[in-house]
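Just so it is clear, none of the values below were taken in a lab; they were calculated from the coordinates. Predicted model, so just to flag it, every value in this text is computed and none were measured. A quick note on method: Cβ atoms are made from the backbone with ideal geometry, for glycine too, and the neighbour counts reach across all protein chains shown.
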Amino acid sequence: MKFDTIIRNGTIITATDIFRGDIGIKKGKINKIGISLDEDGDITIDATGKYIFPGGIDPHTHLDMPFGGTFSSDDFETGTIAAACGGTTTIVDFAVQPKGANLKETASIWREKAEGKAVIDYGIHMNITNMDDEILNEIPLMIKDGYPSFKVFMTYEGMRVDDGILFKTLKQVNESGGLTCVHAENFHIIKCNVERLLNEGKIEPKYHAISRGPLVEGEAVGRAIKIAKMAEASLYIVHNTCKEAVDEIARAREEEYPIMGETCTQYLLLSEDEYFKDGFEGAKCVMSPPLRNKENFKYLWKAIRNNTLQVVATDHCPFFMKQKELGKESFDKIPNGAPGIELRMALLYTYGVLNKEISVNKFVEVTSTNAAKIYGMYPKKGTIAVGSDADLVIFDPKKEVDITSEKLHENVDYTPYEGFKLKGFPEVTLSRGEIIANKGEFVGKIGRGEFLRRNSPIIL
Ligand code: DUC
Ligand code: ZN
Ligand code: ZN
C-alpha cells in the first residue's frame, strides 16, 4: 500500500499526547500513525524539527456580515485563505437572520456566500434575531439538517432578543439536542451610557469602551446563566473578556451546571490602552465587548488553564479604516469588530505556550479539539487519529516573524497586532490531505471548502 501523502518524523501533538512519529494520509483521511512507517507516499513531507498540530478550528467568525450599514471586509474567499495561511482549517461562521427570513432561508443565504469561495471546511451557526412559532418549530429541523448551534445577541438594536426569547430559545434548542450561544452585554445600560456620553459631546472611539464596562458584561453573563438554569439548558457564552464574566461561569460550573465559555485572542493580548491612542486610531479595536484593562489577562489565562473557558476563538470581523470612519463623528456608529483569523494560532503559541501560560496540549485543546467537541465535529475534526480528516498544521517552532499587516492575507488595511513578535509559525497547512498553504502562501483551490453538517454538542 502507498499513501497519498506521508509526513515523516514530526512531533505529533494532540490535546493529550506528544510523540515523534509519521502520519500516513489516504483519500483525505489519516490512515496510519506510527513510528517509522514502512509504506511510502506519493508525496513525502519531512517534518523533522517541526510540530504537527490538528488544524485550528475557529468557531467564532463573521465573514461577509452586514453590520452598521456596511459589511465585514473578509468574505468566505479572503477570510478562509487568511485562516488557512495561519493554520486554521475549519471555521464556524454566524448566519445572521435577516428581518422576515426564517432559519432555512437564513442558512441558504450563508451557504451561498460560502459556496465556490471557501477554501477550508465550514459550519454555520444560526444567529436568531427574530423569534415566533415558525422559528421555534424550525429549530429541531435545523439541528437534524446539521446546524446544531444557535446564537442570540442580548444587545444590538435590531438584532437583540429579550430575556423571554432567550429563555424560549434555550429551552427549545436544548430539548432538541442543540446548543445555545449568547453574546452577553446589558443593552439598556449601554443605551443609557451612549446617550449620556454623546449628549456631553464625547464622540471619540474610547467612549465605546467607557459606555460598556466589565459589569455591563458580567451582569448579562450572570443573567444568561440564570435564565439557562431556569430553562434547564446548556449554554455557551461567546467572547468573555473579564473577571466579572469569568467568575459567573466558574461559579455555575462549580455548581455543575452545563455552562461553557470562550474568550478570544484579543482579550488575552490587547488592552483598553488601544482606545487611548492618538486621533482615530482607537477605532481599530472598537469591538464588542471592548478590550479591558490588563489586570484581566491573568484571569482569562487562569480560566483557560482550569477549564472554566474551553475555547479561544477570534470573533474575526474586519472593517477597513474607511468603513470605521462611519463613526468618525459618533463612536456608536463605528462598525464593531477587528481582524484576527490569521494570527490566532501563532499568537497563542508564542504568548500562551512559550510564555508558559498554557501547555502545548492545552494549546491544541483550546484552538481545535474543544471546539470540535462542543460544536459536533469530533473526531472528524479537532484531533490527529486514524479515520479523522487529515486537517493538519506543520508548525515551525523556530520561525520568527515580526507582524505587519502587509504580510497578512486578511482583506483589511491594518492588524491590531502590528509590531508583535512571534516565535513559531505554521509552515504547511493541510486540509483533508491537500496542502493548501505553504510558508505563508495559499496554494490550494478557491471554493474547495465543504459545508460541515454537524452533530449534537458534547458538553465539556
Ligand atoms: N462583536 C463585534 O465586535 N463584531 C461583530 C459582532 C460582535 O458581537
Ligand atoms: Zn458578539
Ligand atoms: Zn461575534
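Fewest neighbouring Cβ atoms within 10 Å first, the residues 162, 413 line up as 162, 413. Across all Cα atoms of the chain, the radius of gyration (one decimal) and Dmax (whole number) stand at 21.1, 74 Å. Between helix 76-85 and the chain there is an angle of about 50 degrees, using the helix long axis and the longest principal axis of the Cα atoms. For the stretch 299-350, the calculated P(r), taken from all Cα-Cα distances in 5 Å bins from zero up to the bin holding the longest distance, is 5, 17, 16, 17, 14, 11, 12, 6, 1 percent.
Both numbers refer to the Cα atoms of the stretch 354-415; Rg and Dmax are 15.0, 41 Å.
Using 0.36 nm times the number of residues separating residue 133 and residue 99, minus their current alpha carbon distance, what extension gain do you get?
Details: separation 34, 0.36 × 34 = 12.24 nm, distance 1.51 nm.
The residue 133-residue 99 span can extend by a further 10.7 nm.
Placing a pseudo-label 7 Å from each Cα along the Cα-to-Cβ vector at residue 418 and residue 200 gives an inter-label distance of 2.9 nm. To the nearest ten degrees, helix 243-254 and the longest principal axis of the Cα atoms of the chain are 70 degrees apart.
Test of understanding: express the Cα radius of gyration of the stretch 1-88 as a ratio to 2.2 N^0.38 Å, with N the residue count. Can you show the working numbers first?
Working: Rg = 17.5 Å, N = 88, 2.2 N^0.38 = 12.1 Å.
My calculation over the Cα atoms of the stretch 1-88 gives 1.45.
With the simple spin-label model, which puts each label point 7 Å out from Cα in the Cβ direction, the residue 226 to residue 111 separation comes to 4.1 nm. Sparsely packed loop sites in the stretch 59-127 (the trypsin sites (Lys or Arg not before Pro) outside DSSP H, G, I, E and B with at most 14 other Cβ atoms within 10 Å) comprise 99. Once both axes come from the Cα atoms, what is the angle between helix 163-175 and the longest principal axis of the chain, in degrees from 0 to 90, rounded to 10? The two axes meet at around 30 degrees.
From least to most packed, judged by other beta carbons within 10 angstrom and beginning with the fewest, 108, 271, 149, 288 follow the order 108, 271, 288, 149. What the Cα convex hull of the stretch 311-409 gives, in volume per residue, is 149 Å³.
Count the DSSP beta bridges whose two residues both fall in the chain, then state the antiparallel fraction as a percent rounded to the nearest 5. Walk me through the numbers on the way to the answer.
Working: 33 of 71 bridges.
Bridges in the chain are about 45 percent antiparallel.
Here, the stretch 141-187 is characterised by an Rg to Rh ratio of 1.00, where Rg is the alpha-carbon radius of gyration and Rh the Kirkwood radius. Centre-to-centre separation between the Cα atoms of the stretch 11-76 and those of the stretch 287-343: 25 Å.
I need the fraction of alpha carbon pairs in the stretch 183-222 separated by more than 16 Å, rounded to a whole percent. Present the calculation step by step, with values, prior to reporting the outcome.
Working: 240 of 780 pairs.
So the portion of pairs separated by more than 16 Å is 31 percent.
Ordered by the count of other Cβ atoms within 10 Å of each Cβ, fewest first, 255, 427 give 255, 427. Counting every alpha-carbon pair across the stretch 187-337, the share separated by more than 23 Å comes to 38%.
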